[in-house]
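I have placed the structure first, in the form of structure tokens, so that the comments after it can refer back to it.
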Amino acid sequence: MRTAVVRIDVDPTGELTPEQLTAGMATLYDLAGQAGAGVVDASVAAMPVGRRQARLLITGTDTDVMDIGIRLCASAFGTVPAAGVITYLSRGTDDDVHGVLAGLGLTGEVNRAPGSDGLDVVHVTLDEPDVARVGESRIHTALEASLNCEVRIHSR
């Protein structure tokens, strides 16, 4: 499963003081640790209103990670946090390939083989109608950017 970077605006109304924000971050570190999540170190208290975003590292599906992030931040800060953007860490694994494909509404088979230079070449086999619907260049670009290695797309 992929690791999401979940951004949550912990103080959308701008009501919390710097001290409350600092205390909330300390609580968030504890709560996130108990939930098996991580927190990216940042001084939320130094951020301007409307951009006071905590960034949590959570493994799971899109819906799950946002729900978990909102719940953790609500508990830590005592506010009604606002959902932000979700991005993903990539470690170049097959799970990352499947995650990128899922983000495009696709499923496929993944195989790795050593290239002539000794680096992995990732072979992804997709159904022809899926490739036609999404576009091979879009799929290829997304996979290469995520994996940072050579990708070859095959149709069946």
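Read-outs throughout are calculated quantities, based only on the coordinates presented, and are distinct from any laboratory measurement. Source: prediction; values computed, not measured. Every residue, glycine among them, receives a Cβ derived from its backbone with ideal geometry; neighbour counts consider all protein chains shown.
Quick rundown of the values:
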item	result
Relative packing of peptides 141-148, 127-134 - highest average C-beta neighbours within 10 Å first	141-148, 127-134
Neighbourhood net charge (13 Å Cβ-Cβ; Lys/Arg +1, Asp/Glu -1) for residue 92	-3
Helix-derived mean residue ellipticity, 222 nm - over the chain, DSSP H n ≥ 4, -39500 (n - 2.57), to 500	-12500 deg cm²/dmol
Proxy reagent accessibility, fewest Cβ within 10 Å first, across 47, 66	47, 66
Order of 40, 97 under a 10 Å beta carbon neighbour criterion, fewest first	40, 97
Segment residue 133-residue 85, extension gain: residue separation times 0.36 nm, minus the distance between their alpha carbons	14.7 nm
Loop sites in the stretch 1-74: trypsin sites (Lys or Arg not before Pro), DSSP, at most 13 other Cβ within 10 Å	51
Sites residue 140 and residue 13, calculated FRET efficiency, Cβ-Cβ separation with R0 35 Å, nearest 0.05	0.20
Estimated inter-spin distance, residue 123 and residue 23, nm [label 7 Å along Cα→Cβ]	6.0
For the stretch 13-19, 3J(HN,Hα) per residue [Karplus equation, 6.51 cos²θ - 1.76 cosθ + 1.60, θ = phi - 60°, Hz, x = Gly/Pro]	8, x, 8, 7, 7, x, 5
Among 149, 87, 16 the positive-end extreme of the charge dipole of the chain (Cβ point charges)	16
Residues 137, 155, sorted so that the one with the fewest Cβ neighbours within 10 Å comes first	137, 155
